[in-house]
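The values are calculated or read from the model by the stated rules, or taken from the named source; none is laboratory data. Computed from a predicted model, the values in this text were never measured in an experiment. Only protein heavy atoms, including side chains, enter the accessible area calculation; ligands, DNA and RNA are left aside. Shrake-Rupley method; radii C 1.70, N 1.55, O 1.52, S 1.80 Å.
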Amino acid sequence: MIGCTEAFNRLWEYLDGTVEADDRALVEEHLARCRTCCGELEFAKELRGMLARRSSEDLPADVVRRLNQTIEELGR
Ligand SMILES: [Zn+2]
């Protein structure tokens, strides 16, 4: 099973629907077993909804900071 960081790194492609089938299975397996990542999935969905209403190049600094912080925490 892949770790939280690996799952989260694939989360964007997963949410975009552009993830490889093998990776999709890995992410889904992880999300099914990891409550922390289920929380991250909700977070990522929220973030994507917000990005959909903005230019992705105009990402708020606090969002970038929170995203980086989340990835860092998952890697511990
Ligand atoms: Zn996890």
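Per-structure values
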read-out: Solvent-accessible ranking of Arg10, Arg65, Arg53, largest area first, probe 1.4 Å; value: Arg53, Arg65, Arg10
read-out: Fully extended contour minus Cα-Cα distance, from Glu46 to Glu6, at 0.36 nm per residue; value: 12.4 nm
read-out: Listed residues Leu26, Leu11 arranged by accessible area, highest first, probe 1.4 Å; value: Leu26, Leu11
